[in-house]
Protein chains: 2
Amino acid sequence: MWVDDEHYRSLWVADDSWTIEIIDQTRLPHEFMIVSLVTLEHAIHAIKTMQVRGAPLIGITAAYGIGMAMRVDSSDAALESAIARLQATRPTASNLAWALEEMRQRLAPLQPEERINAAYRRARELVDHDIMTCKSIGAHGVELIRDIAKRKDGKPVNILTHCNAGWLATIDWGTALSPIYRAYEDEIPVHVWVDETRPRNQGAALTAWELGKHGIEHTVIVDNAGGHLMQLGLVDICIVGTDRTTAGGDVCNKIGTYLKALAAHDNGVPFFVALPSSTIDWSLESGADIPIEQRGSEEVSHVYGLTDDGAVGRVDVVAPGSEVVNPAFDVTPRHLVTGLITEQGICGASREELTKLFPVQAG
Amino acid sequence: MWVDDEHYRSLWVADDSWTIEIIDQTRLPHEFMIVSLVTLEHAIHAIKTMQVRGAPLIGITAAYGIGMAMRVDSSDAALESAIARLQATRPTASNLAWALEEMRQRLAPLQPEERINAAYRRARELVDHDIMTCKSIGAHGVELIRDIAKRKDGKPVNILTHCNAGWLATIDWGTALSPIYRAYEDEIPVHVWVDETRPRNQGAALTAWELGKHGIEHTVIVDNAGGHLMQLGLVDICIVGTDRTTAGGDVCNKIGTYLKALAAHDNGVPFFVALPSSTIDWSLESGADIPIEQRGSEEVSHVYGLTDDGAVGRVDVVAPGSEVVNPAFDVTPRHLVTGLITEQGICGASREELTKLFPVQAG
């Protein structure tokens, strides 16, 4: 997608063919900083500190992390150790496990000396696959927006999204934002309500930045405001991403998603979840069985942003001495989900419907 | 209530008998600063900038503001002008209109020269009335907590609250927090989930501060987290305040209250609203007719707190150039409200039930 006049992806291979370059997402929206990843430790650090985040991008970064590990030691033991260390970085997103399993299946049967090139080649395939998948999600999802536009009489379709499931969360296009970018290309008027998404403010910082840089109309709101806007009829559709969706159709996504799904349901607003099939956990039926990452209290107590001096800084917003907890995800039960937008098309949030679209994986 | 070893109220008359002293609530939790109000302009400024906030405290401050205006000019015209100017400060809370009407009824029939003393006397009566009312809300509401405690086997009763409806929002005791302070006095173990309450963070800054200073166990969470905690069974009851409740039982309160009410309903968690009857708007049936205050975008884009230098500062959290809107309240429809905790007892959220408790006002 566009950043001012340049086309960017969230991750790319540098000219040396080995170094991976990423946009440091902890610095946005106030600083656009590119960071080089050379070693497995760099990749682990980037995922843990959320320099890269978003389920698909975490998976791809981990895949390249395997390549980086192989350059140092391409033995069986080193491969398994790298997979285990990368897997331990973030517990909730299923794309991480998916990407690491893809790497294991490709590399394990090979001789150690073949593994470096094979790892980079496979990671590159996963990049291409991710871009195609996200583009396809956009092509399917835009039809929902087009249908709503028909009855809006030229007025913009109002779409509410939570957190960031844009190109920064993937390689390009995004998941939840892909139909929106496609609508913009197709000249369908859209306006996006961007949930701030405390505690890390990925909405106000990343989604708003992405949309602004690409030229798409949007308005930032606090997470508390979405229900009120739906009551007033100011939201035509909700589209969010997901970090893991069960085979039964329960959707695990950034904390607070469930509250917006409840409000959508209460106000008759369609609530859609956009996801690559790599996000589906075919081994789980119920969302209650998904491990929910508990993150540090500092993310809640301290808010980062631009100080009046023009530097990136932080402020402590919690009364001194108060306890804080920080669950990072919640589960939206399937009955609140109008449909899932996948690379194979749109379906209901149920095992039956998912199986129709993905018979091989479901089997 | 207690602030460390001293007993405080949110507002008091200084030794000169005319000056009103308040705790500047825009400085909490990091600075405890007392501000003197001497003129009508001071009172208007304090309400507008939210040095004082909370529906009952706004009403009392406005009442004293009338007294301050009378000291300069106690003519009929000055009385009406002061009432109009104070009424225009905040549109949503109904206590403001209630308190100003109380002042008009007391002062209008008097000779101008009698009005100064009468205004201060009436304001003082409203203070005493507010304290009695809030204490009574606590006495009724604590029975809900006591009942839950019976089946908790000595474990704390988990209460979720949104925004600040504690003693800082009233004169003493609070509305939503009054039953909690009373439970603490009665040695019922309680633990409070404190919603941060963006954009102004009255939960993280004021409720957490109040509870901490009084010695009550509590944990601050982002506004997104409450639904997830309810899904996990970690919330026994929600108690919130309100800025205006219609005769039909719809509850207008700080933006985001509606989302918590939806989650409570979805998870079978009782959702109670604590209010003095001065908060009831007997002229309205539906919450849809309540004017919702739209506040400045700066409250959303900038977060205030303690910088690493130890000073109170702010950070800009929104991508440059993005639009922002800031509706301050939302309406929770009556069917999501388990009950209303008033100074006369607990009742259902309906005209019929409210009329039983307040036959005179309802008539």
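A simple rule links phi to the HN-Hα coupling: the Karplus curve 6.51 cos²θ - 1.76 cosθ + 1.60 with θ = phi - 60°, which for segment B:314-327 gives 9, 10, 8, 10, 9, 4, x, x, 6, 6, 9, 10, 8, x Hz, with x for Gly and Pro. Kirkwood Rh, segment B:225-290, all Cα pairs: how many Å? Result for segment B:225-290, one decimal place: 12.5 Å. What residue among A:256, A:215, A:321 shows peak mean-square fluctuation when chain A is described by a Gaussian network model with Cα springs under 10 Å? In the Gaussian network model the winner is A:321.
Per residue, the convex hull spanned by the Cα atoms of chain A measures out at 145 cubic angstrom. Averaged over the residues of B:76-88, the number of partner chain Cβ atoms lying within 10 Å of the residue Cβ comes to 0.
The mean count of C-beta atoms from other chains within 10 Å of the C-beta of residues in B:188-197, rounded to a whole number, is 2. Residues whose amide H falls under 5 Å from that of residue B:92, counting only those 5 or more places apart or on a different chain, are B:293, with hydrogens built in the peptide plane. For residue B:356, the lysines whose Cα falls under 26 Å of its own Cα, not counting residues fewer than eight places away in the same chain, are B:135. Give the percent of DSSP beta bridges with both residues in the protein assembly as shown that are antiparallel, rounded to the nearest 5. Taking every DSSP beta bridge within the protein assembly as shown, about 55 percent pair in antiparallel fashion. Name the aspartates and glutamates eligible as straight-distance cross-link partners of residue B:254: C-alpha to C-alpha under 15 Å, and not fewer than 8 places from it in the same chain. Straight-distance partners of residue B:254: A:223, B:195, B:196, B:223, B:243, B:293, B:299, B:330.
At most 12 other Cβ atoms within 10 Å plus a DSSP loop assignment makes a site exposed; report the longest stretch of chain B without any exposed GluC sites (Glu not before Pro). Result for the longest clean stretch: B:188-363. Springs between alpha-carbon atoms under 10 Å, Gaussian network over chain A: tell me which of A:349, A:176, A:14 tops the mean-square fluctuations. Maximum among the listed residues: A:14. Cα convex hull, segment A:98-256: 134 Å³ per residue, rounded to a whole number. Of all beta bridges that DSSP places with both ends in segment B:180-278, some 20 percent have antiparallel geometry. The simple spin-label model puts a point 7 Å past each Cα toward its Cβ; for residue A:14 and residue B:105 those points are separated by 7.6 nm.
Two decimals is fine: what is log10 I(q)/I(0) at q = 0.11, 0.22 Å⁻¹ for segment B:2-128, from a Debye sum with one equal scatterer on every Cα and no solvent? Log10 I(q)/I(0), no solvent term: -0.34, -1.30. The three principal axes of the Cα atoms in segment B:189-333 give end-to-end lengths of 49, 40, 28 Å, sorted in falling order. Measuring nothing but alpha carbons in the protein assembly as shown and taking Rh as the Kirkwood radius, the Rg to Rh ratio lands at 1.02.
Partners of residue B:155 within straight-line reach, counting aspartates and glutamates whose Cα lies under 20 Å from its Cα and excluding those fewer than 8 residues away in the same chain: A:323, B:143, B:147, B:185, B:186, B:187, B:217, B:236. Sites listed here are trypsin sites (Lys or Arg not before Pro) in segment B:1-70 whose DSSP assignment is loop and whose Cβ has at most 16 other Cβ atoms within 10 Å: B:27.
Structural descriptor for segment B:104-178: relative contact order 31 percent, calculated from alpha carbon pairs under 8 angstrom and at least 6 residues apart. For chain A, the 222 nm mean residue ellipticity estimated from helices alone, with every DSSP H stretch of n ≥ 4 adding -39500 (n - 2.57) and the total spread over all residues, rounds to -11500 deg cm²/dmol.
We did not get these values from a lab; they are worked out from the coordinates using the rules stated. What you see is a predicted model, and the numbers here were worked out from it, not measured in a lab. Every residue, glycine as well, gets a Cβ built from its backbone with ideal geometry; the counts of neighbours run over all protein chains shown.
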